[in-house]
There are 2 protein chains.
Amino acid sequence: MSELDRETALEPDGDGRWRATVSDRWNIGDNPNGGYLVAIVLGAMRTLSAHPDPVSVTSHFLRPGVGGAPAVVTAEVLRAGRTLTTLRAELSQGGSTRVAVVAAFSDLDAATGATGSLTIDPPSLPSPDRCPRRSGDEQGVALPILDVLDIRIHPDQAEAGRAGRPEVSGWIRLRDGSPPDARALVLFADAFPPSLFGSLGPVGWVPTVELTVQVRRRPASGWVLGRSTTDDLDRGRMVEDGALWDSTGALVARSRQLGLLLPR
Amino acid sequence: MSELDRETALEPDGDGRWRATVSDRWNIGDNPNGGYLVAIVLGAMRTLSAHPDPVSVTSHFLRPGVGGAPAVVTAEVLRAGRTLTTLRAELSQGGSTRVAVVAAFSDLDAATGATGSLTIDPPSLPSPDRCPRRSGDEQGVALPILDVLDIRIHPDQAEAGRAGRPEVSGWIRLRDGSPPDARALVLFADAFPPSLFGSLGPVGWVPTVELTVQVRRRPASGWVLGRSTTDDLDRGRMVEDGALWDSTGALVARSRQLGLLLPR
């Protein structure tokens, strides 16, 4: 059982309702990483879905979660179809909803239609051992999550502001060596530093309003390569795009988020 | 009152519940355009929101809607915050949910933070009078929606398969001359032909699983320019990206959808 499975365990608590404990080991600063909360929610959705893989996951981050504290997850099926199961769910702590998720699950290995194919090639990146670990002292914020996620940043982009452009690329894997699955990709999509760090330097807190991840393929085992970029920042609101590739170079997930660039 | 306002009118029917009539004038083939159904839902969300503009709208299209038939819309606030109101809603017909929406509303004219700015420039396009109207006979499908939306396609891309690449660009406006607003942009983001037509030719029905639109600015009056592209098609599942610019050339919306390319 992987660390991620263990730390997203759910205890059934009635119809469409589960109890969970939000660990503080996935924290960024004082609060759990949003992607970790979503991973807990996806576990609940998965139990209600006839299809195994989350193929589209939209999360609205309403309030920061609380690490080391209990949570309640509720989930319901909106439609159970032949190809897709669509669900919505929420994770609450202390009676307040922290994250609301709507997702479609499908079977990524059940190919439908084969008319054409298009893909995005991965960026060229030095091997993981030549990329420095994501640093725990960005802007003075502690990153306990680095004990559970192994994140290496492109050497030219490891220092905030040094890349000169709003782009971050790097490698990521679960620190316990567990192979990634579709759910882990959703977590990975939210685990790199904001790409605006690359051009603007340390910019303060960049809270995510909404993050949508499309999982495209089940990932092969090994490192996952990620790249995120921002080409749209307007009056403190940014749209950041991300993509993930598995160890075979296959495009495995896309992501886009609306984030806020708060004044420091 | 614009045609869009009139045809998305809601009659309150209790707490968080409205009755509507889905018109058949926004049909693509036999069913209402998904963006039109979402426009109805956004009207209901708007009445519950202290903030006027939808800034992130995710729609899951569960079943085709039915034109010329009544509908029930339900909506609820997930969080009412200082900067954002987050809501979820559904539109049902005949007791079945057709579309499920989660959205964040904000005030696009209340600027926050001004650290840097980045934007995407609009593509170069001949003026609307030199771009042919979107044709009503693509793949033999009737497009009643063209009586309410004026859509002009880049002359090199107007014929399916002729562009040679998966890209469609063109102009769009409400046919009755009403100026666009943030809600109209969500509708516009779903109104161009699938960009895969550009490279693959007529490809059959391309149903949208999930569409997320980020509205970036309130649009100026006049034509809106749109471009959509697909660079990610894998075993019958595609991710299509779109962007909209207003008549001043400002980037006003982004969109991304997960769609299915069904075998003909």
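The values are calculated or read from the model by the stated rules, or taken from the named source; none is laboratory data. Since we're looking at a predicted model, the values are computed, not measured. Reconstructed Cβ throughout: ideal geometry from the backbone, glycine too, with neighbour counts over all protein chains shown. Protein only, heavy atoms only, side chains kept; ligands, DNA and RNA dropped before computing areas. Shrake-Rupley method; radii C 1.70, N 1.55, O 1.52, S 1.80 Å.
All of (1) within 23 Å of B:S247 (Cβ to Cβ); (2) under 20 Å from the mean Cα position of the chain (by Cα); (3) open to solvent by 30 Å² or more (accessible area, probe 1.4 Å) hold for B:D53 with one exception: (3). Of the residues screened, B:D121 is not one that is at pLDDT below 95, surrounded by fewer than 15 Cβ atoms within 10 Å (Cβ to Cβ) and over 25 Å from A:A104 (Cβ atoms). Scanning segment A:21-42 for residues that are among the aliphatic types (A, V, I, L, M) and open to solvent by 10 Å² or more (accessible area, probe 1.4 Å) gives a single hit, A:I28. For the residues B:V213, B:V203, the requirement of being open to solvent by less than 20 Å² (accessible area, probe 1.4 Å), more than 15 Å from the chain's Cα centre (by Cα) and within 11 Å of chain A (Cβ to nearest Cβ) singles out B:V203.
Here B:A184 fulfils each of the conditions (1) of a type in the set (A, V, I, L, M); (2) out of contact with any Gly (no Cβ under 8 Å at 6 or more places or on another chain); (3) within 10 Å of chain A (Cβ to nearest Cβ) apart from (3). Restricted to segment B:216-254, and to residues there that are assigned to a loop (DSSP other than H, G, I, E, B) and of a type outside the set (G, A, S), the residue that is farthest from the other protein chains (Cβ to nearest Cβ) is B:W223. Checking each residue in segment A:11-31 for being among the polar types (S, T, N, Q) and free of Cβ contacts under 8 Å to residues at least 60 places away in the same chain picks out A:T21, A:S23, A:N31.
Tell me, which residue of segment A:56-109 that is of a type in the set (D, E) and farther than 17 Å from B:V101 by Cα is surrounded by the fewest Cβ atoms within 10 Å (Cβ to Cβ)? For segment A:56-109, the residue satisfying everything is A:D109. Whether any residue in segment B:38-46 is in a strand (DSSP E or B), within 24 Å of B:A191 (Cα to Cα), away from chain A (no Cβ under 13 Å) and touching a Leu at 6+ places or on another chain (Cβ under 9 Å) is what I want to check. No, segment B:38-46 has no match at all. The single condition from (1) of a type in the set (K, R); (2) in contact with a Lys or Arg (Cβ under 8 Å, 6 or more places away or on another chain); (3) modelled with pLDDT under 95 that B:R256 fails is (3). For the residues B:G161, B:G170, the requirement of being in contact with a Gly (Cβ under 8 Å, 6 or more places away or on another chain), buried (at least 23 other Cβ atoms within 10 Å of the Cβ) and of a type in the set (G, A, S) singles out B:G170.
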